[in-house]
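As C-alpha cells, the structure follows; a few thoughts come after it.
The values are calculated or read from the model by the stated rules, or taken from the named source; none is laboratory data. Everything numeric here is computed off the predicted structure, so don't read it as measured data. When we count neighbours, we look across all protein chains shown, and the Cβ atoms used for this are built from the backbone with ideal geometry, even at glycine. These area figures cover heavy atoms from the full protein model, side chains too; ligands, DNA and RNA do not enter into them. Shrake-Rupley method; radii C 1.70, N 1.55, O 1.52, S 1.80 Å.
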Amino acid sequence: RGRKDEKAWARAEQDPIKKFEDKYTANGVFTEDELKEFKKEILAEVKAAVKFADESDMPPVELAKELEYPDAPDTDYNLKPAPAFADA
C-alpha cells in the first residue's frame, strides 16, 4: 500500500470524530439529523471565532515574550512558591 492509499485509509478508518459519530448514532444517543444540526452550530461558532480573531488587533510583541518566558532566566523553581490554586 502506497503513501496515498495509507493516508486515505487513515482518514477513513482512524478518524476519531467519525468513530464518535458512528458509535453514538448507532447507539441511538443522537440521530443523523441532530448530528447535522450540531455540526452546523459548531461550524457557526468556529466561523465567528475566526472572524473575531481576524478583525482583532494583533497583541503587542512584548506580550508574546512575556507569555513564552514569564520568569527570569535565573529563577530557581524549587524556591518559587506554588500558585494559590495548587493548594486546593
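Assorted remarks:
- Assigned charges on the beta-carbon of Lys, Arg, Asp, Glu; the chain dipole about Cα centre (debye): 700
- Modelled label positions at Phe38 and Lys4, each set 7 Å beyond Cα in the direction of Cβ, lie 3.4 nm from each other.
- Taking the longest Cα principal axis of the chain as reference, the axis of helix 32-55 is set at about 30 degrees.
- Stretched out straight at 0.36 nm per residue, the stretch from Thr75 to Glu45 would grow longer than its current Cα-Cα span by 6.8 nm.
- A Gaussian network model of the chain, with springs between Cα atoms under 10 Å, assigns the largest mean-square fluctuation among Pro70, Pro16, Pro59 to Pro70.
- Where trypsin sites (Lys or Arg not before Pro) fall in DSSP loop in the range 1-32, at most 12 other Cβ within 10 Å: Arg1
- Among the listed values [x] 13.0; [y] 7.3; [z] 6.1, the one computed from these coordinates for mean projected area of the Cα convex hull in nm² is [x].
- Excluding ligands, DNA and RNA, the accessible surface per residue across the chain is 97 Å² with a 1.4 Å probe.
- Chymotrypsin sites (Phe, Trp or Tyr not before Pro) within the range 1-75, DSSP loop, no more than 15 other Cβ atoms inside 10 Å: Phe30
- Here the range 20-88 has 60 percent of its accessible surface on carbon and sulfur atoms, given a 1.4 Å probe and all protein chains in place.
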